[in-house]
Amino acid sequence: MIEYHDTEWGVPHHDDTALFELLTLEGAQAGLSWTTILRKRDGYRHAFAGFHPAVVAAYTERDVDRLVADPAIVRHRGKIESAVANARAVLAVQEQFGSFDRYVWEFVGGEPVVSTHRTLAELPSTSPESRAMSKDMKRRGFGFVGPTTVYAFMQAAGLVDDHVVSCFRHATR
């Protein structure tokens, strides 16, 4: 967890594959610990073809059945089906906006939202931006994208910098 925090969490991502990976992992994390998901990340990368949306979008019911039996990932049918549906939604967003990156970064005006929280207890679980993105994603057919999950995705993908101000990773340091 320390290495993830120090090297990955909150780093602005602009690659559609990386963004799709983070969205998928945050959806898988719902109701579980992030440690569990990080331990299974390599399994997810293998199971979801390196998170290439076009490949995952072509998954069939047979692929979903195969993944439900795969111990290298969380074997929750709904979460697996949502990852496939989300891949299809990412492709539609890419068609409309040119990239998934352009779409998600629109919700924060193209720049990370930098918080000024002094303690972890101050960190919110949602924001107006995460609620707006969640609502729009649901409208577009994405699944497992409630406002809290979307906020966690925004934090992980660097759309929000929620490092406390004393952290060496905070944007102002």
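The values are calculated or read from the model by the stated rules, or taken from the named source; none is laboratory data. Computed from a predicted model, the values in this text were never measured in an experiment. Every residue, glycine among them, receives a Cβ derived from its backbone with ideal geometry; neighbour counts consider all protein chains shown. Side chains included, ligands, DNA and RNA excluded: accessible areas come from the protein's heavy atoms. Shrake-Rupley method; radii C 1.70, N 1.55, O 1.52, S 1.80 Å.
Considering every residue within the range 123-137, establish whether at least one is over 21 Å from Ala89 (Cβ atoms) and open to solvent by 60 Å² or more (accessible area, probe 1.4 Å). Full working, then the answer.
Applying the first criterion (over 21 Å from Ala89 (Cβ atoms)) to the range 123-137 yields 123-125, 127-128.
Within this subset, residues satisfying the condition of being open to solvent by 60 Å² or more (accessible area, probe 1.4 Å) are 125, 128.
Yes, the range 123-137 contains a residue that is over 21 Å from Ala89 (Cβ atoms) and open to solvent by 60 Å² or more (accessible area, probe 1.4 Å).
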| task | Just name the residue that is nearest to the chain's Cα centre (by Cα) out of those in the range 48-67 that are open to solvent by 60 Å² or more (accessible area, probe 1.4 Å) and of a type outside the set (Ser, Thr, Tyr). | result | His52
| Got a number for residues in the range 94-112 being surrounded by 15 or more Cβ atoms within 10 Å (Cβ to Cβ) and either touching an Asp or Glu at 6+ places or on another chain (Cβ under 7 Å) or farther than 20 Å from Gln155 by Cβ (or both)? | 7
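Checking the conditions here, which among Asp15, Asp70 is surrounded by fewer than 15 Cβ atoms within 10 Å (Cβ to Cβ) and acidic (Asp, Glu)?
Working: Asp70 fails: surrounded by fewer than 15 Cβ atoms within 10 Å (Cβ to Cβ).
The unique qualifying residue is Asp15.
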| field | Where a residue in the range 35-54 is over 17 Å from Ser82 (Cα atoms) and its partner, wherever it lies, is of a type in the set (Phe, Trp, Tyr) and open to solvent by less than 30 Å² (accessible area, probe 1.4 Å), with Cβ under 7 Å and at least six apart | value | Leu38/Tyr4
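How about the range 7-80: which helices (runs of 4 or more DSSP H) wholly inside it have at least 1 residues that are over 24 Å from Thr148 (Cα atoms) and at pLDDT 95 or above?
41-47, 53-57, 61-68
Test of understanding: among Val108, Val165, which residue is hydrophobic (A, V, I, L, M, F, W, C), more than 14 Å from the chain's Cα centre (by Cα), modelled with pLDDT under 95 and assigned to a loop (DSSP other than H, G, I, E, B)?
After ruling out the rest, the residue left standing is Val165.
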| When the range 139-173 is examined, which residues are found to be surrounded by 18 or more Cβ atoms within 10 Å (Cβ to Cβ) and among the hydroxyl-bearing types (Ser, Thr, Tyr)? | Thr149, Tyr151
